[in-house]
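The values are calculated or read from the model by the stated rules, or taken from the named source; none is laboratory data. No experiment lies behind these values; they were computed from the predicted model shown. Positions of Cβ are backbone-derived with ideal geometry, glycine not excepted, and every protein chain shown enters the neighbour counts. For accessibility, only protein heavy atoms count, side chains too; no ligands or nucleic acids. Shrake-Rupley method; radii C 1.70, N 1.55, O 1.52, S 1.80 Å.
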Amino acid sequence: MGEAQRYTRVARALHWLIALLVAGNVVGGIVIANVENQNTLYDLHRSTGFVILCLAAIRIVWRLTHRPPPLPAHMPALQKFAAEAVHWALYGFMFATPLAGWAAANAYGATVSVYWLFNLPSIAPKDEGLFNILKGTHAVLAISFTGAILVHFAGAMFHTIVQRDGLMRRMWPV
Ligand code: HEM
(Lines give C-alpha, C1' and ligand atoms only; values in the text may rest on other atoms or scores of the structure.)
Protein backbone atom coordinates (compact mmCIF):
# COMPACT_ATOMS: atom_id res chain seq x y z
CA MET A 1 0.00 0.00 0.00
CA GLY A 2 1.43 3.38 -1.02
CA GLU A 3 1.82 6.14 1.57
CA ALA A 4 -0.80 8.17 -0.33
CA GLN A 5 -3.42 5.62 0.75
CA ARG A 6 -2.43 5.86 4.40
CA TYR A 7 -3.10 8.40 7.14
CA THR A 8 -0.17 10.71 7.85
CA ARG A 9 2.36 9.71 10.51
CA VAL A 10 1.02 12.44 12.81
CA ALA A 11 -2.61 11.30 12.36
CA ARG A 12 -1.58 7.70 13.14
CA ALA A 13 0.43 8.69 16.21
CA LEU A 14 -2.44 10.81 17.55
CA HIS A 15 -4.98 8.05 16.83
CA TRP A 16 -3.14 5.40 18.86
CA LEU A 17 -1.96 7.70 21.64
CA ILE A 18 -5.53 8.94 22.19
CA ALA A 19 -6.91 5.38 21.89
CA LEU A 20 -4.51 4.24 24.64
CA LEU A 21 -5.35 7.15 26.96
CA VAL A 22 -9.10 6.75 26.37
CA ALA A 23 -8.89 3.00 27.13
CA GLY A 24 -7.02 3.82 30.35
CA ASN A 25 -9.63 6.39 31.38
CA VAL A 26 -12.54 4.02 30.60
CA VAL A 27 -11.00 1.38 32.88
CA GLY A 28 -10.07 3.96 35.54
CA GLY A 29 -13.54 5.49 35.36
CA ILE A 30 -15.20 2.11 35.93
CA VAL A 31 -12.99 1.57 39.02
CA ILE A 32 -13.75 5.07 40.38
CA ALA A 33 -17.49 4.54 39.89
CA ASN A 34 -17.43 1.26 41.82
CA VAL A 35 -14.73 1.55 44.51
CA GLU A 36 -14.82 4.27 47.17
CA ASN A 37 -12.01 6.64 48.17
CA GLN A 38 -10.02 6.50 44.95
CA ASN A 39 -8.44 9.94 45.36
CA THR A 40 -5.21 9.25 43.50
CA LEU A 41 -7.08 7.48 40.72
CA TYR A 42 -9.45 10.48 40.52
CA ASP A 43 -6.47 12.82 40.02
CA LEU A 44 -5.00 10.54 37.36
CA HIS A 45 -8.37 10.18 35.63
CA ARG A 46 -8.93 13.96 35.55
CA SER A 47 -5.35 14.66 34.44
CA THR A 48 -5.55 12.12 31.63
CA GLY A 49 -8.94 13.53 30.61
CA PHE A 50 -7.32 16.95 30.23
CA VAL A 51 -4.49 15.47 28.13
CA ILE A 52 -7.10 13.76 25.90
CA LEU A 53 -8.88 17.11 25.50
CA CYS A 54 -5.62 18.84 24.44
CA LEU A 55 -4.65 16.03 22.05
CA ALA A 56 -8.19 16.06 20.58
CA ALA A 57 -7.79 19.80 19.87
CA ILE A 58 -4.47 19.19 18.08
CA ARG A 59 -5.98 16.22 16.26
CA ILE A 60 -9.04 18.08 14.95
CA VAL A 61 -6.81 20.89 13.63
CA TRP A 62 -4.60 18.29 11.92
CA ARG A 63 -7.68 16.50 10.55
CA LEU A 64 -9.15 19.68 9.09
CA THR A 65 -5.85 20.62 7.43
CA HIS A 66 -4.86 17.13 6.18
CA ARG A 67 -7.44 15.29 4.13
CA PRO A 68 -7.46 11.56 4.97
CA PRO A 69 -6.96 8.99 2.18
CA PRO A 70 -10.26 8.24 0.38
CA LEU A 71 -12.11 5.15 1.62
CA PRO A 72 -11.68 2.04 -0.59
CA ALA A 73 -13.78 2.18 -3.77
CA HIS A 74 -15.36 -1.23 -3.04
CA MET A 75 -17.14 0.10 0.07
CA PRO A 76 -20.90 0.61 -0.42
CA ALA A 77 -22.07 4.21 0.11
CA LEU A 78 -24.05 3.31 3.23
CA GLN A 79 -21.02 1.64 4.81
CA LYS A 80 -18.88 4.70 4.06
CA PHE A 81 -21.53 6.92 5.59
CA ALA A 82 -21.71 4.71 8.72
CA ALA A 83 -17.91 4.69 9.11
CA GLU A 84 -17.70 8.46 8.78
CA ALA A 85 -20.66 9.06 11.11
CA VAL A 86 -18.95 6.95 13.79
CA HIS A 87 -15.65 8.82 13.24
CA TRP A 88 -17.33 12.22 13.77
CA ALA A 89 -19.20 10.90 16.80
CA LEU A 90 -15.82 9.79 18.22
CA TYR A 91 -14.40 13.30 17.67
CA GLY A 92 -17.44 14.75 19.48
CA PHE A 93 -16.99 12.39 22.44
CA MET A 94 -13.25 13.20 22.65
CA PHE A 95 -14.23 16.79 23.51
CA ALA A 96 -17.58 16.44 25.25
CA THR A 97 -16.63 13.66 27.69
CA PRO A 98 -13.58 15.33 29.32
CA LEU A 99 -15.31 18.75 29.33
CA ALA A 100 -18.35 17.34 31.17
CA GLY A 101 -16.02 15.59 33.64
CA TRP A 102 -14.03 18.79 34.27
CA ALA A 103 -17.23 20.82 34.82
CA ALA A 104 -18.65 18.07 37.08
CA ALA A 105 -15.51 18.17 39.27
CA ASN A 106 -15.85 21.96 39.64
CA ALA A 107 -19.60 21.76 40.37
CA TYR A 108 -18.74 19.24 43.09
CA GLY A 109 -16.35 21.80 44.55
CA ALA A 110 -13.08 20.16 43.46
CA THR A 111 -10.24 21.77 41.52
CA VAL A 112 -8.78 19.74 38.66
CA SER A 113 -5.04 19.28 39.14
CA VAL A 114 -3.04 18.08 36.14
CA TYR A 115 -0.65 15.39 37.44
CA TRP A 116 -0.13 17.53 40.59
CA LEU A 117 1.78 20.04 38.43
CA PHE A 118 -0.78 22.84 37.99
CA ASN A 119 -4.48 23.48 38.52
CA LEU A 120 -7.09 24.12 35.84
CA PRO A 121 -9.40 27.12 36.13
CA SER A 122 -12.95 26.46 37.25
CA ILE A 123 -15.51 26.21 34.42
CA ALA A 124 -18.61 25.61 36.60
CA PRO A 125 -19.83 27.00 39.95
CA LYS A 126 -20.02 24.78 43.04
CA ASP A 127 -23.65 23.63 43.04
CA GLU A 128 -25.04 20.28 44.13
CA GLY A 129 -27.92 20.22 41.64
CA LEU A 130 -25.62 21.16 38.78
CA PHE A 131 -23.10 18.54 39.95
CA ASN A 132 -25.73 15.79 39.75
CA ILE A 133 -26.69 16.82 36.21
CA LEU A 134 -23.06 17.04 35.03
CA LYS A 135 -22.10 13.78 36.71
CA GLY A 136 -24.96 12.05 34.88
CA THR A 137 -24.04 13.77 31.61
CA HIS A 138 -20.41 12.66 31.95
CA ALA A 139 -21.52 9.07 32.63
CA VAL A 140 -23.93 8.97 29.65
CA LEU A 141 -21.22 10.44 27.39
CA ALA A 142 -18.61 7.95 28.65
CA ILE A 143 -20.94 4.98 28.09
CA SER A 144 -21.93 6.23 24.60
CA PHE A 145 -18.24 6.90 23.81
CA THR A 146 -17.39 3.32 24.79
CA GLY A 147 -20.29 2.04 22.66
CA ALA A 148 -19.06 4.04 19.64
CA ILE A 149 -15.52 2.69 20.17
CA LEU A 150 -16.88 -0.87 20.19
CA VAL A 151 -18.79 -0.26 16.93
CA HIS A 152 -15.62 1.33 15.46
CA PHE A 153 -13.51 -1.63 16.61
CA ALA A 154 -16.05 -4.08 15.14
CA GLY A 155 -15.82 -2.21 11.83
CA ALA A 156 -12.02 -2.43 11.83
CA MET A 157 -12.22 -6.16 12.60
CA PHE A 158 -14.82 -6.68 9.85
CA HIS A 159 -12.36 -5.18 7.34
CA THR A 160 -9.43 -7.15 8.75
CA ILE A 161 -10.97 -10.59 9.30
CA VAL A 162 -13.95 -10.81 6.91
CA GLN A 163 -13.08 -8.52 4.00
CA ARG A 164 -9.28 -8.81 4.32
CA ASP A 165 -8.91 -5.54 2.41
CA GLY A 166 -5.86 -4.22 4.26
CA LEU A 167 -7.77 -1.18 5.57
CA MET A 168 -6.01 -1.54 8.93
CA ARG A 169 -2.69 -0.66 7.20
CA ARG A 170 -4.03 2.84 6.65
CA MET A 171 -4.01 3.52 10.40
CA TRP A 172 -1.27 1.11 11.50
CA PRO A 173 1.26 2.97 13.70
CA VAL A 174 4.36 1.90 11.75
C1 HEM B 1 -8.26 -0.98 19.16
C2 HEM B 1 -9.15 -0.10 18.79
C3 HEM B 1 -9.14 0.65 17.48
C4 HEM B 1 -8.90 0.21 16.20
C5 HEM B 1 -8.56 -1.21 15.76
C6 HEM B 1 -9.04 1.36 15.32
C7 HEM B 1 -8.85 1.34 13.95
C8 HEM B 1 -9.01 2.41 13.10
C9 HEM B 1 -8.76 2.40 11.68
C10 HEM B 1 -8.28 1.19 10.89
C11 HEM B 1 -9.05 3.63 11.20
C12 HEM B 1 -8.91 4.11 9.76
C13 HEM B 1 -10.19 3.97 9.00
C14 HEM B 1 -9.95 4.32 7.57
O15 HEM B 1 -9.07 3.70 6.95
O16 HEM B 1 -10.59 5.24 7.05
C17 HEM B 1 -9.49 4.44 12.30
C18 HEM B 1 -9.92 5.76 12.21
C19 HEM B 1 -10.36 6.51 13.28
N20 HEM B 1 -10.34 6.13 14.62
FE21 HEM B 1 -9.83 4.31 15.33
N22 HEM B 1 -9.37 2.45 16.07
C23 HEM B 1 -9.43 2.06 17.39
C24 HEM B 1 -9.70 2.86 18.49
C25 HEM B 1 -10.12 4.17 18.41
C26 HEM B 1 -10.49 4.99 19.53
C27 HEM B 1 -10.47 4.56 21.00
C28 HEM B 1 -10.86 6.20 19.04
C29 HEM B 1 -11.35 7.42 19.77
C30 HEM B 1 -10.76 7.87 20.81
C31 HEM B 1 -10.71 6.16 17.60
C32 HEM B 1 -11.00 7.20 16.74
C33 HEM B 1 -10.87 7.17 15.37
C34 HEM B 1 -11.25 8.24 14.49
C35 HEM B 1 -11.88 9.57 14.91
C36 HEM B 1 -10.93 7.84 13.19
C37 HEM B 1 -11.19 8.62 11.89
C38 HEM B 1 -10.00 9.39 11.46
C39 HEM B 1 -10.45 10.37 10.39
O40 HEM B 1 -10.59 9.98 9.23
O41 HEM B 1 -10.71 11.51 10.74
N42 HEM B 1 -10.26 4.91 17.25
N43 HEM B 1 -9.45 3.68 13.47
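Brief remarks follow.
- Chain lengthening between S113 and V26 when straightened (0.36 nm per residue, less Cα-Cα): 29.4 nm
- Extreme residue, positive dipole direction of the chain, given options G49, W16, P98 (C-beta unit charges): W16
- When a 1.4 Å probe is rolled over the protein heavy atoms, the share of accessible surface on the chain that falls to carbon and sulfur comes to 69 percent.
- To the nearest ten degrees, helix 9-34 and the longest principal axis of the Cα atoms of the chain are 40 degrees apart.
- About the Cα centre, charge dipole magnitude for the range 78-166 (Lys/Arg +1, Asp/Glu -1 at Cβ), debye: 100
- Cβ crowding within 10 Å averaged over residues, with 52-63, 115-126 ranked highest first: 52-63, 115-126
- About the Cα centre, charge dipole magnitude for the range 3-103 (Lys/Arg +1, Asp/Glu -1 at Cβ), debye: 440
- Simple point charges give the picture: +1 on the Cβ of Lys and Arg, -1 on the Cβ of Asp and Glu, and for the range 1-61 a dipole about the Cα centre of about 300 debye.
- Angle of helix 128-157 to the longest C-alpha principal axis of the chain, folded into 0 to 90 degrees and rounded to 10: 20°.
- The chain: angle of helix 77-108 to the longest principal axis, Cα-based, in degrees nearest 10: 10
- Rg in Å to one decimal, and Dmax rounded to a whole Å, for the range 3-171 via C-alpha atoms: 17.8, 53
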